[in-house]
Amino acid sequence: MHNHSRLLLLFFLCLPFFSISQYTYAEKLGFPKGSKVLILHVDDAGMSKESNEGVFESIEKGVANSFSIMMPCPWVPEIFSYLKKNPAADAGLHLTMNAEWKDYRWPPVAGPQEVPGLIDPQGAMWSGVLEVVLHAKPNEIAKEIEAQIRRSRRAGWEPTHLDSHMGTLFAQPSFMEQYLTIGMREKIPVMFPGGHATLANKTNGGILTVQQAQKIGERLWQAGLPVIDDLHNFSYGFTYPKQKVSDQELQKIAAENYIRSFKTLEPGITMVIMHCSVAADHFSHISSSGTIRRADWLAMQSPELKKYLQENNIILTTWRELMERRKKLISASGG
């Protein structure tokens, strides 16, 4: 698993084990008791042409149903064009505080004068999460989050949710507080597994206690936002052949990886994070993760994976649907 994926999991995946809550957030939002509900979510939209094509095809030809946009990146305009043609899409913001690739980088949306702590000597965002923690101030994090939301709204798109690129917003409690506070203030759902988090609880020694994580979930719920129960962020850890294989073979292996991991799902709403990209040969000039990203793209189009979801009565949902369900509950309760 790549280092930035480990950091994304640091906040969530290192919580002490605790038993499944009697009531999942899926049930609270009106899904049948015991339902396994998935958001099949693609990160990194707007990062590159290959990333965009991976998003579009995974949704239009496959089972993926949600994605998030890296607002500082150069291929965002194509995403806005897509959203104008697909206004019902489930598209949030992949809040970006890093530019991690060696020769393919971007500056913050807010600009150097507003967020100097987010900028490295090249004038781009820092590559690593730790560098952001060491240099950026919480108010700069807030300014950049707000700038990325403004850019989306200025283009005519209201984000369906917020999440964090490389997990940077979970690497520092004060950063996470900005993330949560802005989401609640702007009434935009935020990615935070405030339910049973069974997949997340694989090791001990996390930053948050179980009680603290659950309190954050309750805080988001009381603010009128939907909450997910669990987080599946395993695809960077899937094993693939080192030698080049055909797309057919890669798809078969990728689908098997996802199916194997889905067998561990517990009832509730689980957000499944992936990085679908067509990742042609020249993608190697951007990142060494091309095989994993291409495998994600192929897996979402796999007939075997689609069949597994259908035969096991797994419900697919989106952040847009979750927010609509939450609003209906608020309306029904009279406030």
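Laboratory data are not the source of any read-out in this text; all were calculated from the coordinates shown. The shown structure was predicted, so the numbers you read here are calculated from the model rather than taken from an experiment. Virtual Cβ from ideal backbone geometry, glycine too; neighbours counted across all protein chains shown.
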>> Going by Cα centres, segment 19-61 and segment 218-240 are how many Å apart?
In response: 9 Å
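Is it possible to state the helix-based mean residue ellipticity at 222 nm for the chain, with each DSSP H run of 4+ residues giving -39500 (n - 2.57), the sum divided by total residues, to the nearest 500 deg cm²/dmol? What is it? Write out the running numbers ahead of the final one.
Numbers: 12 runs with 139 residues, N = 335.
Roughly -13000 deg cm²/dmol at 222 nm, from the helical runs in the chain.
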>> Please enumerate, by chain and number, the lysines with C-alpha under 17 Å from the C-alpha of Lys242, excluding those fewer than 8 residues away in the same chain.
In response: Lys252
> In this model, which of Lys84/Lys328; Lys36/Lys307; Lys61/Lys307; Lys263/Lys307; Lys61/Lys85 are farther than 18 Å apart at the alpha-carbon?
Replying inline: Lys84/Lys328
>> Under a crude label model (7 Å from the Cα following the beta-carbon direction), how far is Lys187 from Thr264 in nanometres?
In response: 3.8 nm
> How large, in Å, is segment 178-322 by the Kirkwood hydrodynamic radius built from its alpha-carbon pairs?
Replying inline: 17.1 Å
> segment 3-333: Rg/Rh from Cα coordinates, Kirkwood Rh?
Replying inline: 0.94
> Reachable lysines from Lys137, Cα under 29 Å, same-chain residues fewer than 8 places away excluded?
Replying inline: Lys102, Lys187, Lys215
>> Amide H of Leu38 versus every other amide H placed in the peptide plane: which residues, excluding those fewer than 5 positions away on the same chain, fall under 5 Å?
In response: Thr270, Ile315, Leu316, Thr317
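Ordered by packing density, taken as the mean number of other Cβ atoms within 10 Å over each peptide's residues, highest first, how do 310-323, 85-98, 258-271 rank? All intermediate terms of the calculation are to be shown ahead of the outcome.
Working: 310-323: 17.1, 85-98: 21.5, 258-271: 19.4.
Highest mean packing first, the order is 85-98, 258-271, 310-323.
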>> Considering the Cα positions of segment 89-231, please state its Rg to one decimal place and its Dmax as a whole number of Å.
In response: 15.4, 44
> For Lys137, what is the net charge nearby, where nearby means another residue's Cβ is under 12 Å from its Cβ and Lys, Arg count +1, Asp, Glu -1?
Replying inline: -2
>> Less than 19 Å apart at the alpha-carbon level, and either on another chain or at least 8 residues along: which aspartates and glutamates does that give for Lys49?
In response: Glu57, Glu60, Glu78, Glu100, Asp103, Asp281, Asp296
> Beyond 17 Å, what percent of the Cα pairs of segment 51-134 remain?
Replying inline: 52 percent
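Full-extension gain between Arg153 and Ser288, please, as 0.36 nm times their residue separation minus the C-alpha to C-alpha distance. Show your work: numbers first, answer last.
Details: separation 135, 0.36 × 135 = 48.60 nm, distance 3.29 nm.
Taking Arg153 through Ser288 to full extension adds about 45.3 nm, to one decimal.
If a/c stays under 1.5 just call it rounded; otherwise compare a/b with b/c (prolate if a/b is bigger, oblate if not). Do that for segment 26-172, with a ≥ b ≥ c from the square roots of the Cα gyration tensor eigenvalues. Before the final figure, lay out the partial values.
Values: a/c = 1.95, a/b = 1.52, b/c = 1.29.
Prolate, because a/c is 1.5 or more and a/b exceeds b/c.
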